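*Asks:* One structure follows; several queries about it will come next.
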Amino acid sequence: MGPTCIVRRLTRDDTARFRELNAVFGEAFADPGTYGGEPPSDEYFRGLLAKDHIIALVALVNDEVVGGLVGYVLDKFERARREVYIYDLAVLEPCRRQGIATSLIEHLRDIASTLGAWVIYVQADYGDEPAIALYTRLGVREDVMHFDIPVIRPDDRTSG
């Protein structure tokens, strides 16, 4: 059995750990430019981590960030309840298949329960078989379509 994994929620004082988590996301998603190319300031990270509706969890092995997730709490309008959306979840390649992602989700379940959430949901890309297998084991699959709708900024518009 490998070293013990500790999962904990980041607080506003954990900007260095949040930077480490972004580096893990960049490596795990093969997208270091997005996750490290234009890093926000510590003040920006402190502001994010202070918000109740943002949940950032890290998985630590030997005090090193080897995985983590970022989720958002969404207040619903049709009932007095909440949902939690897992936006990013990753574990470094050498640490996969050791239950770390499951531990992160289980920790999130505990937090979601205390927040009055009724469900946690997550998206997976077609072809990402490890993620699909994990989420299938933990939840119920829904086939949906995802659309990215671009935001048009005022200065992007042409007059006429």
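Every number in this text was worked out from the coordinates using simple rules, so none of it is lab data. Note that the structure is a prediction, hence the values are computed from the model and not measured. Cβ sites come from the backbone with ideal geometry, for glycine too, and all protein chains shown count toward neighbours.
*Asks:* Consider region 1-14. How many of its residues are of a type in the set (Val, Ile, Thr) and either touching a Lys or Arg at 6+ places or on another chain (Cβ under 7 Å) or assigned to a loop (DSSP other than H, G, I, E, B) (or both)?
*Replies:* Count: 2.
*Asks:* Of the conditions (1) without any contact (Cβ under 8 Å) to a residue 40 or more places away in the chain; (2) surrounded by fewer than 20 Cβ atoms within 10 Å (Cβ to Cβ); (3) touching a Phe, Trp or Tyr at 6+ places or on another chain (Cβ under 6 Å), PHE45 satisfies every one except a single condition; which number is it?
*Replies:* Exception for PHE45: condition (2).
*Asks:* Next up: What is the number of the single condition among (1) of a type outside the set (S, T, N, Q); (2) under 13 Å from LEU21 (Cα atoms); (3) in contact (Cβ under 8 Å) with a residue 40 or more places away in the chain; (4) surrounded by 19 or more Cβ atoms within 10 Å (Cβ to Cβ) that LEU108 does not meet?
*Replies:* (2)
*Asks:* What do you reckon, is GLU83 under 19 Å from ILE54 (Cα atoms), out of contact with any Pro (no Cβ under 9 Å at 6 or more places or on another chain) and not in a strand (DSSP E or B)?
*Replies:* In short, no.
Residue by residue, here is whether (1) under 18 Å from VAL91 (Cβ atoms); (2) of a type in the set (S, T, N, Q); (3) surrounded by fewer than 12 Cβ atoms within 10 Å (Cβ to Cβ); (4) touching a residue at least 24 places away in the same chain (Cβ under 8 Å) holds:
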| position | (1), (2), (3), (4) |
| --- | --- |
| VAL24 | yes, no, no, yes |
| ASP31 | yes, no, no, no |
| VAL73 | no, no, no, yes |
| PHE77 | no, no, yes, no |
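*Asks:* Determine which single condition VAL151 fails, assuming it passes every other condition in (1) assigned to a helix (DSSP H, G or I); (2) more than 15 Å from the chain's Cα centre (by Cα).
*Replies:* Result: VAL151 fails condition (1) only.
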